């Protein structure tokens, strides 16, 4: 397993800080720079000593950039919401972020049938929901069935449970989940908060009511307040005794509670963190990074596993049906040249999968920058350079429009690089709703997004051209899909590794995916925050987090 | 002694016809209703024309986009979003006539409750900002008006233009930097306590004060030049007496007209101010609802803002006669 864990704590300012600072046009930064000499880092030795012994108490104030809208982790897919939901509920298993290995949590043991269709879990004793009711096999059954019933509203969880046929509960401590087809991704899915558990009172509530709160989970924190666009408060649950086997301590959480405040302005999040009005900034922009480092505050970053930011050519359109055009796209992009405008914690893509994804293989040899090869590929295919530098073939220009909503300035550099070989990519940044509307119309020549998932099955979810697959490329099925489908049927690591790598190689070679850059989650904390941990999907796990006195 | 300068341009206005008082009021009310209807319909139209719809947005939060088309359609049917325009519009108007603003598509909360929660903090902010703006803007204009012509006066007279040119956004961040981040005097966020109101009020008040000062400076200068002022001076009235008793009351009438407009601007400015200071309020509610295309909430916010605007202007209309009795007798018959 080739997995790296990009964990950078307390990196101090470096030589490029000044250079980066000068490039910033944001007016606040001028004012910030003027005050950059305040508050020397005093009493570092004392601080270190206090930092070694975790202790209870204090409320962690976390800044998030947008309203989580809906808090139910079984329903939502946005990171702010999942980072709250993770603290409210526990999962059957946990996934080690360092190795990708699935380890016990609420399930102490499990067995998977040889055909990977039946998953039998043995549940931990004595687990209760925060309303005092017991967590048992029936709770597992009720929650999974409720997720299936929610359908599209459970945007991630319902895809994890596709093909669920049966849930057996022979006794209170044993549950067997049966699928119609082999389902290798299910075990990893049981480690996510999307398949976390809630008391029957929550399960019986309407989907809308669950969004607004009233979530009674098994987790170390209990939801107390949710005010839209303002804040979410969660408080410690006393008597919590069933942390994940990855946790660093037992018993109640260290924190008295966590306050998530919605602060839309990045400059205000930054200033509030520096002035100690916040403990954790969950929305650090690349422009903030040098300033935070200059203030000697810890930045903690981790690459999101799953599908990297990529272009996905729509092969039902004549332009992208041409494999030479798709291959030229991959050859014309100089990924290393994108680094200067990325966050320093973010890397250009080295495969379709991000490096933190289990079974990732470095395929950067397939992603080499070769503009000459791209040009000759297009020349030989009949694409001649026109008067304006854009190639033309049979009166059609080599031009397409990319609609996107993400904050992804690197895409403009990609546009320039493509122009060098005569490909015209027009960019149209629009609100997310409009982008999705245009994508679902199927009229776009290419799509652009990423998808976080700590399992290589993410490739099948997006690319599978077989029956029922999302088939992002709108292409005919071929041997790549066979590999993808087989990879979702085996839990044999070696075999699965081979299939995933074959599929990834095929996707790049055929130009089904034009991988660009990885996504990284970047947070900054005050010097008083300790024990922050990312889970395998780069979401927050705050059970072990504790606060030392502010200086 | 009062010397009022407002003169109606229509001589017929001078004729007092009390029998027409009621129709005039009714006409004003009907006009207000028409304004509200137009605001509602226009918003509805704009939201309808936008591509995408709230269901698709709701199901596609974050980076994920794995949704089942059939289930999307089922949800759309639930919110009448699959109906043609006129049916959706008819539903909306029907509900509105029953004072039912519907439920937020994103949160499921009744829109009335969301708006009623958000309105008080925004009104408080707007009223505070207006009060501060009147003190700063009015004080500056009055102070400058009594200064002898010269460099100091012309320098001070450029201040309003400067204030009007400052982007609210930038000003808010600057105030935060000075009085929250480097000196812990005021909190950078939230609605808790009077301290949290200070910086947002200043941010919102500065551009408003600038507008007020610009209008009032002109108005004051004009009144100072009137012959009756010279006459009073010759009688021995002091400058302070003239300013307080004669010039300010006369110069205030055009300001009253402006107040109705300014209140509208304050509500609009609340979107930016509340966003910078992470405050609860109508502006944040509107901003969030627009980005998720939560049609019922956007409608509710627009309707509320329009109602406040219409009400303020209505009150301003009623206040004119108090400041100047001639306006009362005049416009009573004029139907202006």
Per residue of A:265-272, count partner chain C-beta atoms within 10 Å of its C-beta, then hand back the mean as an integer.
6
Tell me, how many Å apart are the Cα centres for segment A:411-480 and for segment A:140-218?
29
Order of A:490, B:158 under a 10 Å beta carbon neighbour criterion, fewest first
B:158, A:490
Under the rule rounded for a/c under 1.5, else prolate if a/b exceeds b/c, else oblate, using alpha carbon gyration tensor axes a ≥ b ≥ c, chain A is classed as oblate
Output the antiparallel fraction of DSSP beta bridges having both residues in chain A, as a percent to the nearest 5.
80
In whole Å, how far is the Cα centre of segment A:316-393 from that of segment A:498-531?
17
Each residue of B:278-290 has, on average, a number of other protein chain C-beta atoms within 10 Å of its C-beta equal to 3
Would you calculate a helix-derived [θ] at 222 nm for chain A, using -39,500 (n - 2.57) for each DSSP H run of n ≥ 4 and dividing by the full residue count, to the nearest 500?
-8000 deg cm²/dmol
Give the shape of segment A:281-373 as rounded, prolate or oblate, defined through the alpha-carbon gyration tensor: a ≥ b ≥ c are the square roots of its eigenvalues, a/c under 1.5 means rounded, and otherwise the shape is prolate if a/b is larger than b/c and oblate if not.
prolate
Cut-off is 10 Å between beta-carbons; in what order do B:153, A:231 appear when sorted fewest neighbours first?
B:153, A:231
Sequence of A:424, A:388, A:142 once ranked by neighbouring C-beta atoms within 10 Å, starting from the fewest:
A:388, A:424, A:142
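Read-outs: derived from the displayed coordinates by stated rules, not from any lab. Just so it is clear, the structure is predicted and the values come from calculations on it, not from any experiment. Ideal geometry is used to build each Cβ from the backbone, glycine not excepted, and the neighbour counts take in all protein chains shown.
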